[in-house]
Structure formats: C-alpha cells, structure tokens
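So the structure is just underneath, and the comments pick up after that.
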Amino acid sequence: MEEQLIFRQLYNPFITAKNDWDATRTKVGFAMNTSAPQMTIQDYSSADGYNGKTFVDNTKPDDIYLNWYYLSSANDTQRRSTTGHEIEYALGLDHTANPALMNNVRDRNVIYTPKDEDINGVNAIYSYP
C-alpha cells in the first residue's frame with residue numbers, strides 16, 4: 001500500500017516533466033508504451049545524497065530512479081524539477097554550471113522546466129539533416 005502511495009506522489013511530477021519536454025521546440029517526444037519501454041521510472045529510498053539517479057544502457061531501457069528518502073519532503077515543483085533533470089540524463093545531457101535543469105545545484109523551486117541550454121543540448125544530440 002505504501003508503495004502505491006509513493007508511486008502516486010511521484011507519478012504526477014513525472015507526467016508534468018514529460019509534458020514539459022513534449023511542449024518544447026525539440027525533435028524529441030514521449031509516448032507511454034508498456035510493451036516496449038525505452039525508459040522506466042521507479043522509486044527507491046536511501047540516504048545516499050541523491051534526489052534521483054539515471055542509468056543509461058543502450059542495450060535496454062534507461063532506468064530513472066527517484067529517491068523517496070529526499071523527495072518525500074519535497075513539494076511537487078521540486079519533484080518535477082528532479083524528474084526533468086533525470087529525464088535529461090536519459091536523453092544524453094550532462095551537468096552544466098548554467099541556469100538549466102542540468103545544473104545540479106539549481107534552485108528546484110525556480111528551475112523546473114527545460115531551459116534554452118537543455119533544449120539546445122537535446123537538439124544537438126538528436127539533430128536531423
């Protein structure tokens with residue numbers, strides 16, 4: 001029962017972060033697909049210092065883990081920011097010092113949607129002739 005509650009509290013920020021990306025001017029979009037997922041999202045709970053972790057492996061779906069140990073006390077905006085950050089790892093981006101979702105010390109109450117640097121980075125990775 002507690003697992004379902006945790007999932008529900010992380011599901012809405014995940015859907016919102018996914019929708020944030022779908023609304024950008026990128027060549028990347030998301031669709032829900034339970035039969036052949038390319039990305040999974042799960043929760044875990046650990047005092048490991050991370051709000052989330054993403055594991056990318058080109059031979060299987062990317063795994064996004066959101067850490068309930070820290071996110072249980074976060075508001076939905078902070079959860080949305082964390083989820084968007086982890087989605088960007090799965091898309092191939094890395095940390096930046098600029099004001100963007102990939103800045104790992106950003107204010108998660110202020111930066112919670114993809115910024116120009118995030119969008120430009122994804123467009124550079126997924127460019128088409």
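The values are calculated or read from the model by the stated rules, or taken from the named source; none is laboratory data. Note that this is a predicted model, so its numbers are computed, not measured. No Cβ is skipped: glycine too gets one built from the backbone with ideal geometry, and neighbour counts run over all protein chains shown.
Restricted to the range 27-63, and to residues there that are of a type in the set (A, V, I, L, M, F, W, C) and in contact with a Phe, Trp or Tyr (Cβ under 6 Å, 6 or more places away or on another chain), the residue that is surrounded by the most Cβ atoms within 10 Å (Cβ to Cβ) is ILE41.
The set of residues in the range 80-97 being outside any helix (DSSP H, G or I) and of a type in the set (A, V, I, L, M) consists of LEU93, ALA97.
Looking across ASP48, ASP57, one residue alone is more than 21 Å from ILE111 (Cβ to Cβ), among the charged types (D, E, K, R) and modelled with pLDDT of 90 or more. It is ASP48.
Taken together, the residues in the range 72-100 that are crowded, with 21+ Cβ neighbours inside 10 Å, among the charged types (D, E, K, R) and over 13 Å from THR16 (Cβ atoms) amount to 2.
Taking the conditions (1) modelled with pLDDT under 90; (2) surrounded by 14 or more Cβ atoms within 10 Å (Cβ to Cβ) in turn, ASP20 satisfies each one other than (1).
Taken together, the criteria place SER72 among residues that are closer than 14 Å to PRO13 by Cβ and either more than 16 Å from the chain's Cα centre (by Cα) or at pLDDT below 90 (or both). The selection criterion, being at pLDDT 95 or above, part of a helix (DSSP H, G or I) and surrounded by 13 or more Cβ atoms within 10 Å (Cβ to Cβ), does not hold for THR113. State the number of residues belonging to the range 116-129 that are over 14 Å from the mean Cα position of the chain (by Cα), in a helix (DSSP H, G or I) and not polar (S, T, N, Q). Of the residues in the range 116-129, 5 are over 14 Å from the mean Cα position of the chain (by Cα), in a helix (DSSP H, G or I) and not polar (S, T, N, Q). Looking across the range 60-91, just one residue is over 19 Å from ASP107 (Cβ atoms) and among the polar types (S, T, N, Q), and that is SER72.
In the range 101-110, of all residues being within 18 Å of TRP21 (Cα to Cα) and within 13 Å of the chain's Cα centre (by Cα), the one that is surrounded by the most Cβ atoms within 10 Å (Cβ to Cβ) corresponds to LEU101.
The residues of the range 93-129 that are in contact with a Lys or Arg (Cβ under 6 Å, 6 or more places away or on another chain) and within 28 Å of TYR70 (Cα to Cα), listed by number, are ALA100, TYR112.
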